[in-house]
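The values are calculated or read from the model by the stated rules, or taken from the named source; none is laboratory data. Everything quoted here is computed from the prediction, not taken from an experiment. Virtual Cβ from ideal backbone geometry, glycine too; neighbours counted across all protein chains shown.
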Amino acid sequence: MSKVKLLSLPKKLDLGKRRLIKLLDELDELLEERAALREIEEQLRTSEEHYRQVAESQEEFETTLNDDEANSVMDEWAKFRQTFRQSKAKAQTLIDELRAVDVVPGSKRSAEAYRNVRLPGCARSKRREALSDGPPIWWWKQGPLGLIEALTTKTLCDDIFQPRISARGWPHLRDLGLADEEEEDLTVHVVISVDYFFRMLGSTIVRAGDDVPVAVETCLRWVICGPQTTSQLPTPTVPSDKSADTECYQLPRKFWEHEAIGISSEEEQSLSGLEREEFERNISFNGVRYTVRLLWKRNGSTLPNNYSVAQKRLSLVQWKLKRDRKRWREYAAVIQSYLDNGWAEEAPDARPLGRTWYLPHHAVYQKGSSGEVKCRVVFDGSARFRDISLNDLLDAGPKLQADLLGILIRFRRYRICLQADIQKMYLQVALHKADRDVCRFLWSEPGENEPPKTYRLTRVCFGLTCSPNLAMQTIRWHAENHQVECSGALRDLLPNMYVDDLVVSCDSVADARRIAKEAPELLRKGGFHLAKWASNSPAVVDEIPAKDLGPRDGSRLWKTLGIFWQRQCDLLTFHTPERVAEFPDTKRGVLKALASVFDPLGCLAPYTVKAKIIIQLLWQCGVAWDDPLPPETKAQWRPWKEELPDISRIVMEAPLVQVPLTTITRLQLHGFAYASGKAYGTVVYLRLTHSDGRVETRLVAAKSRVKISEGFITRSVRSLILVEPAESS
C-alpha cells in the first residue's frame, strides 16, 4: 500500500487540493503562452480528472463532520470549486478559439466563417439564386482554400444523440485530437452535402479491427465512424430531421385546427373502464386537496440523469436575467412563491434509479387583463437528453375538453352571462411523492457563486403532457362525488368549462346568482378557488368579495383567444392582430395574416374566405413561400390586408335571447348553405317570435371553405359538399 493511502482523510484532501492548484497554475501558464491546442486540452483533461478525485474526497470528509463544521468546510469548498470553474471556462474559451482557427491554419477568414456557422441566420428561400446570400464557409485540406456557398436557417435539426465514445478507451484513438468528444447531446450547426463532403476528407484512416471505431482524418480534425461497442445488443436508430420551412407547416396546421372548430369529427372522449379504474385507484383526498399520480405509459423506459442539461439551461436563464434586473426580481419572486406556497420543496439526497429527472424552466411574459405584464415560470417536460424526454414516457390521456364552439353558443344562449376561472388550477392538485423526483428542478439566484439548489415540485405543473388530463379528471371526480350537495351548480359546471374557465348563461338573475354561490362552494371543498368573476348584470356579482372579481373595464373571454366580451354594452368583438403592416406580400405573409384572425363563430366568414381563396390560388400557381405575389393576386391581397385592422370595429350582441324566455312564443333555427366554383359555406340563424308578435333573428354561427378539388364542381357535388358544415352547425 502506498504512503498516500495511509494518510488521514484531512491530510489526503489537503494534499489533493494542493496538487490541483498546481495543475491549474500550469494550465494558466499554457493559456498565457497560447500553447498548442492538444497540449492545452491534455492539461485540462488531467485537471478535470484530478478535480473529480478531490471532490470525492471532499464529500467523504464532509460526512465525518457535525453540522457547524460541515457548513464551514462546504463554504470553503465552494470558493475552491469556483476557482476551478473559472480556470476551466477560461481554458475552454481559448480551446474554442483555437479550434476555429484550426479549420484553416493561419486564416483569419476561417475564424470568421466559423462564427457564421455557429450562429446561423434567418431562414431563406431555397431558390438557387438565393444561395449566395448565405454566409461563406471556407475549408482547407491542401492547396488553395475551398469555398462553399451556404444557406442559413434558425435551426437545422434537433440535438443529435451523442454515442458515449471516449478516445481514452481506445489506444489507437488517444493521440489523434477528435473534432468532438463531448458527453452531452450535440447541436448540429452545419449540414454538408455529399458533393462537398468528400472534398473535406483527408487521406488517412486509422483502423484497429473490424468491430471497433475507425478514425477518419478531415480538415475539421479527426472524426469517429463505425461501431461503438462489440456488444450484441440492438443498436438504437435515432432519426433527426428539420425543414427550413417548418413554420410553413405549422401555420397551415394552426389555421386548419381553428377552421375545424365545431365541424371536426374529433369529439370529447370518455374514460375507458381501465383508465377510470386506474385513476380511481391512484387519486386520494386528505380533506384539503386531491393527490394524483402521473399517467405513465405502460412498459415505459427508464430516465437517465439529465442534471447537466438542466444546469446548462439554468445558466442560460441566469445569463438573460442579468441583463434585466426587473425581470430577474420577477423570476426570483415566482420561484420563491412556489416554495412559500408549498408547490415545491427541497429535494432529498436520495435519487430513485431510473425515476429521477430535472425539468429545465424558463419565463413566459403575458400581458394581463389590466395591461400589466406578468411573469410565469414554465417547466419544460419536452426537454430531451440522450434522445428521451419526460413527456415521452407520459400518456396525455383521452380528450376531456368540451367543444369550444358548443361552449361559445351556450354562453350566448340566454340574456344573463357569467364567467370566472379556477385560480392556478394545476397547482391546486398535489403530486404523489412517488412521482415528485421526476419533477426536480435547479435554482440559484443569478450572480451567486454557490452551486444551484435542487428542488422538486409537489403539485401538478404546466408543461407535462398529462397535466391537463389530470386536472380535468380531478375536477370531474370531485364534482361527481358532490352532485347531491350542489346538483344545480354541477349541471352547469362541467359542460361549460374550457380548461380553467367557467362560462355560462342563465335566463334570470336568480339562476346566475345560484351558480355564483354554489359553484365556488363545490370547488372549494376540493381545494380549488374560483376568481375573476364577471357578468353583464352587476346584480349577479354584487355579493362576491371584491378580491374575487375580475377587472371592471372588461377583458378577454379567454386569456389566450381573440374574442373580447365588452360587458358594459354586452357586445362581442374581435382583436386586431399586432403589427399588421409587417405581414409581407408573400404566401407566407398571407397565411400568417389569415391564421392571426381567430373567429370560431364564423362571423367574419365573408371576409376571411377571400384570403382562403388567395392562398389556394397561390398553391395552384406553385408560388414559393417567400416569392413575391403575382400582380393579379397582389391586387386582391392588398385591399384585404388594409381592411384587417378594421375587424375590431365589428361587434355583435352577446346574448342570442335578450329577454326572458317567458316572453318568447317560438324559437326556430334556420340554416342556409351555398356553393360556388370558388368556395362553399353555411350559416345558421336563430329566429325568435315574441309574445307581442315581433320577430327577430340572430346570427348563431357560420362556416366557409374553399372548393375541395381542381376543375369544375357540378351542382350535385356542391350539394354534397354542403352537408357536413350545415349539419354540424
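Does region 458-472 hold any residues that are crowded, with 24+ Cβ neighbours inside 10 Å and β-branched (Val, Ile, Thr), and which are they?
Scanning region 458-472 gives a single hit, VAL460.
Got a number for residues in region 325-351 being surrounded by fewer than 16 Cβ atoms within 10 Å (Cβ to Cβ), assigned to a loop (DSSP other than H, G, I, E, B) and touching a helix residue (DSSP H, G or I) at 6+ places or on another chain (Cβ under 9 Å)?
4
I'd like the full set of residues that are buried (at least 18 other Cβ atoms within 10 Å of the Cβ), among the charged types (D, E, K, R) and part of a strand (DSSP E or B), limited to region 659-707.
Answer for region 659-707, where residues must be buried (at least 18 other Cβ atoms within 10 Å of the Cβ), among the charged types (D, E, K, R) and part of a strand (DSSP E or B): LYS703, ARG705.
Kindly provide the set of residues from region 619-635 that are at pLDDT 90 or above, surrounded by fewer than 16 Cβ atoms within 10 Å (Cβ to Cβ) and not charged (D, E, K, R), ordered by number.
PRO628, PRO630, PRO631, ALA635
Return the residue satisfying two criteria in turn: it lies in region 318-337 and is of a type outside the set (Asp, Glu) and touching a strand residue (DSSP E or B) at 6+ places or on another chain (Cβ under 6 Å), and of such residues it is farthest from ARG459 (Cα to Cα).
Here the answer is TYR331.
Taking LYS374 as meeting all but one of (1) touching an Asp or Glu at 6+ places or on another chain (Cβ under 9 Å); (2) at pLDDT below 90; (3) part of a loop (DSSP other than H, G, I, E, B); (4) loosely packed, with under 15 Cβ neighbours inside 10 Å, write down the number of the exception.
The one condition LYS374 does not meet is (3).
Sort out which residues of region 288-316 are of a type in the set (A, V, I, L, M, F, W, C) and either modelled with pLDDT of 90 or more or touching a Phe, Trp or Tyr at 6+ places or on another chain (Cβ under 7 Å) (or both), and write them in order of number.
Result: VAL288, VAL292, LEU294, LEU295, TRP296, LEU303, VAL309, ALA310, LEU314.
Being modelled with pLDDT of 80 or more and among the hydrophobic types (A, V, I, L, M, F, W, C) is the filter here, so list the residues in region 47-77 that pass it.
VAL54, ALA55, PHE61, MET74, TRP77, listed by residue number.
Report every pair of residues separated by at least 6 positions or lying on different chains whose Cβ atoms are under 6 Å apart, first residue within region 47-67 and over 13 Å from LEU15 (Cβ atoms), second among the small types (Gly, Ala, Ser).
Correct list of pairs: GLU62/ALA70.
Please work out which one of (1) among the hydrophobic types (A, V, I, L, M, F, W, C); (2) buried (at least 18 other Cβ atoms within 10 Å of the Cβ); (3) at pLDDT below 95 is the condition VAL651 fails and give its number.
Evaluating VAL651 over (1) among the hydrophobic types (A, V, I, L, M, F, W, C); (2) buried (at least 18 other Cβ atoms within 10 Å of the Cβ); (3) at pLDDT below 95 leaves (2) as the failure.
May I ask you to verify whether ARG386 is charged (D, E, K, R), on the phi > 0 side of the Ramachandran plot and assigned to a loop (DSSP other than H, G, I, E, B)?
Here the answer is yes, as ARG386 does meet what is asked.
Restricting the search to region 521-530, which residues are in a helix (DSSP H, G or I) and either in contact with a strand residue (DSSP E or B) (Cβ under 7 Å, 6 or more places away or on another chain) or outside the structural domain of ALA420 (by the TED database) (or both)?
Listed by number, the list holds a single entry, LEU523.
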